Each structure stands twice: as structure tokens, then as C-alpha cells.
Amino acid sequence: MDFDPTPDFGVGTVGEPGARQFFLRGGNRDQTLVLACEKAHVQGLTVRIRQLLLEQGVELGLPDPRPPRPAEASDIDWRVGELGLGWHDRRERFVIVVREVPEGEGAELAAARFWLTQQQVVRFLSQAESVLSQGRPVCPNCGLPMDPGGHPCPAANGSRPVF
């Protein structure tokens with residue numbers, strides 16, 4: 001599926017920090033996809049967006065006061081297996097490419113491309129970083145997420161090196 005243009009692309013979650021399910025939602029007036037994904041997918045996408053914007057000399061200012069509408073857990077179309085981001089010079093658009101996680105040997109995998117303007121990507125970045133920041137606090141000693149009751153910190157017992 002090719003969503004060009006993609007007027008609406010966002011991220012959302014359901015559940016409590018530590019047990020949240022992440023979702024991407026994108027589409028146009030004819031069709032919308034809701035895709036279940038992992039937190040790591042969203043984190044990786046934000047890192048890549050920042051890299052591409054930096055390469056283009058875009059300075060990020062304050063978060064957009066009109067973030068994209070968050071994705072919701074209803075009617076999941078499929079689970080994300082691979083997620084990529086690129087810049088298309090000729091079209092002057094970002095493209096987010098999403099492929100379905102394989103469900104079985106030889107199964108045909110769904111794929112979608114979402115074409116976004118620079119302004120849309122910056123808005124999505126702001127929303128995604130806001131969603132990611134609402135997770136569990138990070139341990140100052142080891143960098144791992146902490147549950148409300150604390151966590152068994154590997155830095156406290158020396159069981160693994162801390163980077």
C-alpha cells in the first residue's frame with residue numbers, strides 16, 4: 001500500500017508504563033492502517049528522523065502545539081516486523097516503510113509506505129518523543145527502566161558492566 005499523501009501519521013499506546021502496547025496509525029481519507037509495534041520501533045524511528053533532519057540542516061524548535069492524532073488500539077491491521085525511514089530527493093518527501101512481521105514460513109507479508117512532508121515528520125517526532133517520555137523512569141545507576149517498587153539494579157551488584 002502506498003499512502004501518498006499521508007495527511008495523518010501518529011503513534012499511541014495502551015496500558016501502563018512497563019506493559020504498554022505501542023501503535024502507529026497512518027493513512028489517507030480512503031484508508032487508515034493501525035499497526036501494532038514495539039517501543040524499540042518508535043525509538044529507532046525517532047533517532048533516524050533526527051539524523052535525517054540534521055543532515056538537511058533542519059533546526060528543531062519547540063514541540064508543535066498540534067501533534068498528530070494518537071493511534072488507538074482498535075482494529076489492528078497487522079504487527080510491524082520492519083520499519084525504515086528515508087528521504088526521496090526528487091519528491092522532497094520522507095518515506096516511512098513498514099513491513100509486517102512474518103507469521104509463518106512462506107506467508108506473503110503486507111507492506112506500506114507513508115509519504116510525509118518535513119513539517120509532518122517534525123510533528124510526528126514531537127509526538128513520539130512525548131509518548132516515549134511517559135514511560136517508566138530510568139535508573140540513574142544502570143540506565144534500565146524502573147518499576148514503581150524499584151528494580152534489581154545490575155550496577156548495584158556488579159553482575160554486568162555499565163556503559
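No lab work stands behind these numbers, since they all come straight from the coordinates. Owing to the predicted nature of the structure, the values given are computational and were not obtained by experimental measurement. Neighbour counts run over all protein chains shown; Cβ positions are idealised from the backbone, glycine included.
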Report task. Quick one: divide the alpha-carbon radius of gyration of region 2-138 by 2.2 N^0.38 Å and tell me what you get. Result -> 1.03
Report summary line: Quick calc, Leu132 & Leu54: beta-carbon distance into FRET formula, R0 25 Å, rounding 0.05, result 0.85
Requested in this report: Would you mind calculating the relative contact order of the chain from Cα pairs under 8 angstrom and at least 6 residues apart, reporting the percent as a whole number?
Outcome: 24
Report task. Go through Ser133, Cys37, Pro5 and say which Cα lies farthest out towards the positive end of the charge dipole of the chain; charges sit on Cβ, +1 for Lys and Arg, -1 for Asp and Glu. Result -> Ser133
Report task. Among DSSP beta bridges lying fully in the chain, give the percent that are antiparallel, nearest 5. Result -> 90
Query raised in the report: Given the Cα-Cα distance of His151 and Asp4 and 0.36 nm per residue of separation, how much length would full extension add, in nm?
Result: 48.4 nm
Report summary line: Here the longest stretch of the chain that holds no trypsin sites (Lys or Arg not before Pro) in a DSSP loop having at most 13 other beta carbon atoms within 10 Å is 92-163
Report summary line: Rounded to the nearest 10 degrees, the helix 39-55 long axis (Cα) sits at an angle to the longest Cα principal axis of the chain of 60
Query raised in the report: Excluding the sites themselves, what is the longest stretch of the chain that contains no GluC sites (Glu not before Pro) in a DSSP loop with at most 13 other C-beta atoms within 10 Å?
Result: 1-58
